[in-house]
Structure formats: C-alpha cells, structure tokens
Amino acid sequence: MAEDKKRIFSGMQPSGLITLGNYLGALNNWTKLQDDYDCLYCIVDMHAITVRQDPAKLRKQSRDLLTQYLAVGLDPEKNTIYYQSHVSQHAELGWILNCFTYMGELNRMTQFKDKCAKHADNINAGLYTYPSLMAADILLYQADLVPVGEDQRQHLELTRDIAQRFNGVYGDVFTVPEGYISKVGAKIMALQEPERKMSKSDENKNNTILLMDEPAVIMNKMKRAMTDSENEVRFAPEKPGISNLLGIYCAVTDTKMADAEREFANVGYGTFKTAVGEAVVAQLEPIQKRVHEIEADKAYLDAVIKNGAEKANYIATRTLSKVQKKVGFPPRIR
Ligand code: ATP
Ligand code: LTN
C-alpha cells in the first residue's frame, strides 16, 4: 500500500438491502476516491448487531453488501475491503476508547435517540456505545478522511474529540480524521415522508429505492412519491418531496440543480417523476447485472474476504499495540 497517499476509512452496516441513499451518499463517492487515496471499506457487522438481527439473514446481508461494494466498482486490489468482525482489534480498541468517551457525549447522539425510539424493547449498551466503536474503526487505521452521508457528521465530530482527548494524554497516537461529506446526494430523503432520511431499515418499502429494485418497481415507487399541491418543479424547503426528487436526479445524472430546474420548468409532476425514475434505472441496471455476475463466483468472493481481513489486520495491529503500550498494559511475553 502506498505510504504517500492519504488514508480513507468508511463503513456500512449490513443491516438490510442497501438503498439509493446509501449508494448516492456513500458508495458512489467511495468509487471516485479509490485512485487517489489508500482506502479501507469495511462491512460493519459488529455495529449491525446493536439492533436485533436474524443470524442467517445477517450472514447473507453481509455477503450481499460485499458483492454490492464490488459491483459498484470498488476494486479489491486498490482498496482494503473486509468484514469488521474478522479483525478483532476493532473490539479491543473500542473497549479502550469507551474509557475515553463521556456518557454526556453519548447521550447527545441523535442516531442513538432515533434508534431508542425505534427499538424501545432493546435499548442495549452496544447501541449506546456505538460511537466509540465507530471511533475505533476509524482511528485504528489512522484515517485522514472519512467519506459519509450527512447523518454521520455528529459521530465524526465525536471521533475527533476522542482522538484529541487521547492524544492530549498520551502524545500523538491517533491521526485526527476529517469528514468528507459531498454536497450532492449527502441526504436522500424517504420518498413518502420526505422530512425523514431514506433508510434501509425503514418498514415502509415505498419510502426506499433499493439498489437491487427492478426497473418496474423503481418506476412504481417514483410514481407514488410524495409531492405537493403546486405543479412547479423547483428546489425549495417548503417543497421537500420535489426537492428530494430533484436532488436524486442531479446526483444520478451529474447535473447542476439550476440546470435540472430549467430542464423541468414546464413539465408536470407526472412527467418529471418518470424522468427521475428512468435516470435512476439507467444508473442501477448495470450495477445489478454485475451483482449477479459476482455473486456466482464464490471462490473470488472468498478470496476477497480472506485478503481484505489480512490486510486490515496488519495495519490494525500496529495501532492497537501502540495504544496498549501507551495506556500501560503489560507487554506480552513471547
Ligand atoms: P439503517 O437504516 O440500518 O440505520 P442506513 O440506511 O441509515 O441504515 P447506514 O448503514 O447507517 O445506512 O449508512 C451507510 C452510509 O450511507 C453512511 O455513510 C450514511 O451516511 C449513508 N447514508 C445512509 N442513508 C443515507 C441517505 N438517506 N442519504 C445519503 N446518505 C445516506
Ligand atoms: N455509523 C455508520 C457506519 C459506520 C461507519 C464507521 C462509517 C460504522 N463505523 C466508520 C464511517 C466510518 C452508519 O451508521 N452509517
């Protein structure tokens, strides 16, 4: 791995089928970074079990997510792609960082509050300390940049605070990472409730477009997307539904907002929705085809899994050993 390139770390939970929001807010940007940075892209299965998962489904979703990472164009030769649970250093550093994270900080996390409301029957300690594990993910690899969607900004800020706190006590151990949040596609909203973000664990299936949705399904979900009582396609805070569809259109076609508004200035909502749907289908169809090709190649996938874990393990060990020494754990006798 080139030492002169800046390092990038990001991850996604295998908590369900991935959405257009995940693709536009995260995956699509990751592929653009792979030539210029030394990138690690993790499948954060340890984070996923902070809400109850069916074991067989979790295993399948993890493999599907890996396949989708590859299908969107992430190259396992250029990037380190691996499962979080295969690199136990995440858990070990996570524990240490728990001891450098205040309850007051964790209490303020909006993702925690949202998930508590959604999973009132299972408000477990893992859900609460999720951000310290996320900090460990990033800091283990001394990442300079972390490309994520807007919803992760708060977790990243906390990661920076934890890194600075630790460095303040022990010297420069961790690189303090910066967020990398692209403007386009950073927050795709739910189709029928455009005041909420599109989320893969949403129970209303008409709120989300899945990366693997068939064209007819995509067109149908688009048709049902919430709009408003005007008939004017423009980007405005009081028009969250139309603004969201415009945002999707701009992201998938790489168009500027003003140009998109001009393009749809004189058309009705029906025509506009069809155009957005067709643009999404055009973007996703080739990816879906690649998913089917890759998932048929078991040996290839297994090799990616094995190599990714080995590469990640190598870097993670270096940081963890240093941290263990700094905090005063006794050296191992070999
Ligand atoms: P869950 O519903 O299980 O909480 P999620 O759909 O919110 O999942 P994550 O796995 O938490 O997705 O996030 C993966 C990446 O996708 C993160 O970088 C996140 O910021 C980004 N992301 C998630 N939802 C959106 C969205 N609606 N718009 C843009 N980016 C998103
Ligand atoms: N918390 C993130 C997933 C995640 C992540 C990370 C993202 C876990 N660890 C490290 C970037 C870097 C989420 O819920 N989207």
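Would you tally the residues in the stretch 205-241 being without any contact (Cβ under 8 Å) to a residue 24 or more places away in the chain, open to solvent by 20 Å² or more (accessible area, probe 1.4 Å) and over 24 Å from Val291 (Cβ atoms)?
So the count comes out to 6.
Out of all the residues in the stretch 194-217, which are within 16 Å of ligand 1 (Cβ to nearest atom) and not in a loop (DSSP other than H, G, I, E, B)?
Lys197, Lys205, Asn206, Asn207, Leu210
Among the residues of the stretch 34-44, write down those that are over 10 Å from the mean Cα position of the chain (by Cα), closer than 15 Å to Tyr69 by Cβ and either modelled with pLDDT of 95 or more or within 12 Å of ligand 2 (Cβ to nearest atom) (or both).
If the condition is that a residue be over 10 Å from the mean Cα position of the chain (by Cα), closer than 15 Å to Tyr69 by Cβ and either modelled with pLDDT of 95 or more or within 12 Å of ligand 2 (Cβ to nearest atom) (or both), then Cys39, Leu40 are the ones that fit.
I'd like the full set of residues that are more than 26 Å from Ser85 (Cα to Cα) and basic (Lys, Arg), limited to the stretch 140-190.
If the condition is that a residue be more than 26 Å from Ser85 (Cα to Cα) and basic (Lys, Arg), then Arg165, Lys183, Lys187 are the ones that fit.
Of everything in the stretch 167-189 that's among the hydrophobic types (A, V, I, L, M, F, W, C) and farther than 20 Å from Glu278 by Cα, which residue is surrounded by the most Cβ atoms within 10 Å (Cβ to Cβ)? Let's see the steps before the verdict.
First, the residues of the stretch 167-189 that are among the hydrophobic types (A, V, I, L, M, F, W, C): 169, 173-174, 176, 181, 184, 186, 188-189.
Retained after the next criterion (residues that are farther than 20 Å from Glu278 by Cα): 169, 173-174, 176, 181, 186.
Numbers: Val169: 10, Val173: 17, Phe174: 25, Val176: 17, Ile181: 18, Ala186: 20.
By that ranking, first place goes to Phe174.
Taking Thr19, is it in contact with a Gly (Cβ under 7 Å, 6 or more places away or on another chain), more than 17 Å from Tyr82 (Cβ to Cβ) and open to solvent by less than 20 Å² (accessible area, probe 1.4 Å)?
It is false that Thr19 is in contact with a Gly (Cβ under 7 Å, 6 or more places away or on another chain), more than 17 Å from Tyr82 (Cβ to Cβ) and open to solvent by less than 20 Å² (accessible area, probe 1.4 Å).
Yes or no, residue by residue, for (1) in a strand (DSSP E or B); (2) at pLDDT 95 or above; (3) more than 10 Å from ligand 1 (Cβ to nearest atom):
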position: Ala26; (1), (2), (3): no, no, no
position: Met46; (1), (2), (3): no, yes, yes
position: Thr50; (1), (2), (3): no, yes, no
position: Leu65; (1), (2), (3): no, yes, no
position: Pro76; (1), (2), (3): no, yes, yes
position: Ile81; (1), (2), (3): yes, yes, yes
position: Gly94; (1), (2), (3): no, yes, yes
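Give just the number: which of (1) at pLDDT below 95; (2) away from ligand 2 (no atom under 13 Å from the Cβ) does Pro55 not satisfy?
Of everything listed in (1) at pLDDT below 95; (2) away from ligand 2 (no atom under 13 Å from the Cβ), Pro55 misses just condition (1).
If you check Gln142, Gln164, Gln192, Gln154, which single one turns out to be within 11 Å of ligand 2 (Cβ to nearest atom), more than 13 Å from the chain's Cα centre (by Cα), modelled with pLDDT of 95 or more and surrounded by fewer than 19 Cβ atoms within 10 Å (Cβ to Cβ)?
Gln154
Grab the helices (runs of 4 or more DSSP H) fully contained in the stretch 223-334, keeping just those with 2 or more residues being modelled with pLDDT of 95 or more, farther than 18 Å from Ile188 by Cβ and out of contact with any helix residue (DSSP H, G or I) (no Cβ under 7 Å at 6 or more places or on another chain).
Working: elements: 240-253, 257-263, 269-295, 298-327.
Once the helices (runs of 4 or more DSSP H) in the stretch 223-334 are filtered for at least 2 residues that are modelled with pLDDT of 95 or more, farther than 18 Å from Ile188 by Cβ and out of contact with any helix residue (DSSP H, G or I) (no Cβ under 7 Å at 6 or more places or on another chain), what remains is 257-263, 269-295, 298-327.
Are there any pairs, at least 6 apart or on different chains, whose C-beta atoms fall under 6 Å, with the first in the stretch 178-197 and more than 18 Å from Met222 (Cβ to Cβ) and the second assigned to a loop (DSSP other than H, G, I, E, B), and if so, which?
As it stands, the answer is Ala186/Gly149, since those pairs meet every condition given.
List the number of the failed condition for Lys115; all other conditions in (1) basic (Lys, Arg); (2) at pLDDT below 95; (3) away from ligand 2 (no atom under 15 Å from the Cβ) hold.
(3)
The values are calculated or read from the model by the stated rules, or taken from the named source; none is laboratory data. Just so you know, these numbers come straight off a predicted model, no measurement behind them. No Cβ is skipped: glycine too gets one built from the backbone with ideal geometry, and neighbour counts run over all protein chains shown. SASA here: full protein model, heavy atoms, side chains in, ligands and nucleic acids out. Shrake-Rupley method; radii C 1.70, N 1.55, O 1.52, S 1.80 Å.
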